[in-house]
1. Are there any pairs with C-beta distances below 9 angstrom linking a residue in segment 106-134 that is free of Cβ contacts under 8 Å to residues at least 12 places away in the same chain and farther than 23 Å from PRO157 by Cα to a residue that is loosely packed, with under 10 Cβ neighbours inside 10 Å and among the basic types (Lys, Arg), with the two at least 6 apart or on different chains, and if so which?
2. Within segment 52-79, which residues are closer than 19 Å to ILE26 by Cβ and out of contact with any Phe, Trp or Tyr (no Cβ under 8 Å at 6 or more places or on another chain)?
3. Which residues, counting only those in segment 94-129, are within 18 Å of MET160 (Cβ to Cβ) and of a type in the set (Val, Ile, Thr)?
4. Limited to segment 32-84, what total is found for residues that are among the hydrophobic types (A, V, I, L, M, F, W, C), touching a Cys at 6+ places or on another chain (Cβ under 9 Å) and modelled with pLDDT of 95 or more?
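The values are calculated or read from the model by the stated rules, or taken from the named source; none is laboratory data. Here the structure is a predicted model, which is why all the values come from computation and not from measurement. All Cβ positions, even for glycine, are placed from backbone atoms using ideal geometry, and neighbour counts span all protein chains on display.
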Amino acid sequence: MSALTILLLTAVSLPALIFDVTTGKIPNLLTFAGLGAGILAAVITGGPAALPACLAGIFLPFLLLWPLFVLRMMGGGDIKLLMALGGLTGYPGIVRLCLFSVLAGSVLAVGRMLTTKSFASRLRRFTNYIRDMAATGRLSRYPGTGDREARLPFAAPVFMGTILYVLNVLQPWQA
């Protein structure tokens, strides 16, 4: 991984974290600039042959996460952030970055539920949601999406996932 890629990953994910935590939004200007930088960096560092992996890294998060946006389980800015980071990491790098982000998000979410003593009510809400979908056969919006207490700015686990991804690429785990 080049120093340019690490710099760009930081330049996109850190401001996204700050904006998401302070305003609840990730600016389009940031994510679109990240997308452009990812495409440009791929061509500069790998030539035109790097473009397919870059484009796959961009479109994979969109394809996988769009249903979560439709169900209001994830914001559009979060998806665009992962698309921008996918342009920088390419495919298959974005798969690892997403997995690290989901792992970090899971730890943060469980920790938050335990500290706010809302684990049981959140688990009940989720199981009721799944049961209702199974009974009706219809997808519906996830309940409580307007609940500010429950909101976890996903840019936080994405930033943590980005750090884990960079560390993993620089020093892969030895088996």
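1. Pairs found: ASP132/ARG138.
2. Of everything in segment 52-79, those that are closer than 19 Å to ILE26 by Cβ and out of contact with any Phe, Trp or Tyr (no Cβ under 8 Å at 6 or more places or on another chain) turn out to be ILE58, PHE59, PRO61, PHE62, LEU64, LEU65, TRP66, LEU68, PHE69, VAL70, GLY77.
3. Within segment 94-129, ILE94, VAL95, VAL102, VAL107, VAL110, THR115 meet the criteria.
4. Result for segment 32-84: 2.
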